[in-house]
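First up is the structure itself, then whatever we jot down about it.
The values are calculated or read from the model by the stated rules, or taken from the named source; none is laboratory data. Bear in mind the structure is a predicted one, so any value in this text is a computation, not a measurement. Note that each Cβ is placed from the backbone with ideal geometry, even for glycine, and that neighbours are counted across all protein chains shown. Surface areas here come from the heavy atoms of the whole protein model, side chains and all, with no ligands, DNA or RNA. Shrake-Rupley method; radii C 1.70, N 1.55, O 1.52, S 1.80 Å.
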Amino acid sequence: MTYILGISGHFDSAHFLRGYKGKCAQLHGHTWKTDIEISSNELDEIGMAADFKILKNELNHILERFDHKILNDCTPFDILNPTAENLSKEIYERLKDKLRVIKHVSIKSVTVWESPTAYAKYQES
């Protein structure tokens, strides 16, 4: 038996893609929607896999560092291209570190939407 929990957050930022042949090579902005899924095989003594409030706080803390910034100026995107794929992996890795303190919970995936119709999802096998 596995429980899957999900929360969403968002932030506004701008970026440009180095080496891209097209409009996205120019500075442009997005409202990035970010969905996370965590999984747990157990519930705590009150019947929760994890407290949504804690999950939201941890996600928002990570997203704050990108909000209203030019992503190309933020580590690691000063070196890596700030694609939705790289952004989803970066958020995943930061969240994975934060969630280690919650017993029986592991991060399943991070999905970053750069528009209402386009997203990149990162998960580890």
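Over 18 Å apart at the Cα level, from the set Lys23/Lys121; Lys21/Lys121; Lys56/Lys96; Lys33/Lys121; Lys89/Lys121, are Lys23/Lys121; Lys21/Lys121. Against the criterion of solvent-accessible heavy-atom surface with a 1.4 angstrom probe, Cys24, Cys74 sort, most first, into Cys24, Cys74.
Select from Ala50, Ala25, Ala84 the residue whose mean-square fluctuation is largest in a Gaussian network model of the chain (Cα-Cα springs shorter than 10 Å). Largest GNM mean-square fluctuation: Ala25. Rounded to the nearest 20, the Cβ-based charge dipole of the range 1-121 about its Cα centre (Lys and Arg +1, Asp and Glu -1) stands at 340 debye. Remark: spin-label model distance Lys23-Asn60 equals 3.3 nm, labels positioned 7 Å along the Cα→Cβ axis. Sequence-ordered 3J(HN,Hα) estimates for the range 49-58 from the Karplus curve with 6.51, -1.76 and 1.60 and θ = phi - 60° stand at 6, 7, 7, 4, 4, 5, 4, 4, 4, 5 Hz, glycine and proline given as x. Taking all Cα pairs closer than 8 Å and separated by 6 or more residues, the relative contact order of the chain comes to 30 percent.
Surface exposure of the range 1-111, expressed per residue as accessible area with a 1.4 Å probe, stands at 59 Å². A simple charge model with +1 on the Cβ of Lys and Arg, -1 on the Cβ of Asp and Glu and nothing else charged puts the dipole of the range 60-125 at about 420 debye relative to its Cα centre. Can you give me the % of accessible surface on the range 3-125 that is carbon or sulfur? Probe 1.4 Å, all protein chains present, nothing else counted. Looking at the range 3-125 in its full context, I get 51 percent from C and S.
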